[in-house]
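A short worksheet on the structure shown next.
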């Protein structure tokens, strides 16, 4: 690396946005709003950015306008850390989400966790820290 270059302070990063690409943006929006309860923080029309924590965001992008196309292979997982994994599991079971697994404790990682899928197959993990 060139010693003359001055890299910006990494503490200047203000937010993290993970963008996911969809064939049916409206269906994805209904899921993230109605099932997960997220609110649109930034509405760019063909891209909806949802605040999911104080500094974490997920962007849902219409593949017709975005930088990428939706792909049947989904190598991205959204992980949500919550205080009560079992309450979330009970709620999502009532919502009949796709691919819902049973909660399990992973002692090695000190988490309790389960997964499910959004309308186009992105995996979402819900986890809590074990005491």
Item to check | Complete set of residues in segment 31-53 that are more than 14 Å from the chain's Cα centre (by Cα) and loosely packed, with under 14 Cβ neighbours inside 10 Å | outcome: 34, 42, 43, 44, 45, 46
Item to check | When residues of segment 51-85 are limited to those that are assigned by TED's automatic domain parsing to the domain that holds residue 19 and part of a strand (DSSP E or B), the one farthest from residue 131 (Cα to Cα) | outcome: 62
Checklist outcome for this item: Conditions (1) out of contact with any strand residue (DSSP E or B) (no Cβ under 6 Å at 6 or more places or on another chain); (2) within 29 Å of residue 14 (Cβ to Cβ); (3) in contact (Cβ under 8 Å) with a residue 60 or more places away in the chain -> residue 122 fails only (1)
Checklist entry - Of all residues in segment 1-42, how many are modelled with pLDDT of 95 or more, over 16 Å from residue 122 (Cβ atoms), out of contact with any strand residue (DSSP E or B) (no Cβ under 8 Å at 6 or more places or on another chain) and outside any helix (DSSP H, G or I)? => result 1
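Tell me, which strands (runs of 3 or more DSSP E) lie completely within segment 87-131 with 2 or more residues that are in contact with a helix residue (DSSP H, G or I) (Cβ under 7 Å, 6 or more places away or on another chain), crowded, with 19+ Cβ neighbours inside 10 Å and outside the structural domain of residue 58 (by TED's automatic domain parsing)?
On the way: elements: 104-106, 111-117, 123-129.
In segment 87-131, 111-117, 123-129 are the strands (runs of 3 or more DSSP E) which contain 2 or more residues that are in contact with a helix residue (DSSP H, G or I) (Cβ under 7 Å, 6 or more places away or on another chain), crowded, with 19+ Cβ neighbours inside 10 Å and outside the structural domain of residue 58 (by TED's automatic domain parsing).
The values are calculated or read from the model by the stated rules, or taken from the named source; none is laboratory data. Not measured: the values here are computed from a predicted model. No Cβ is skipped: glycine too gets one built from the backbone with ideal geometry, and neighbour counts run over all protein chains shown.
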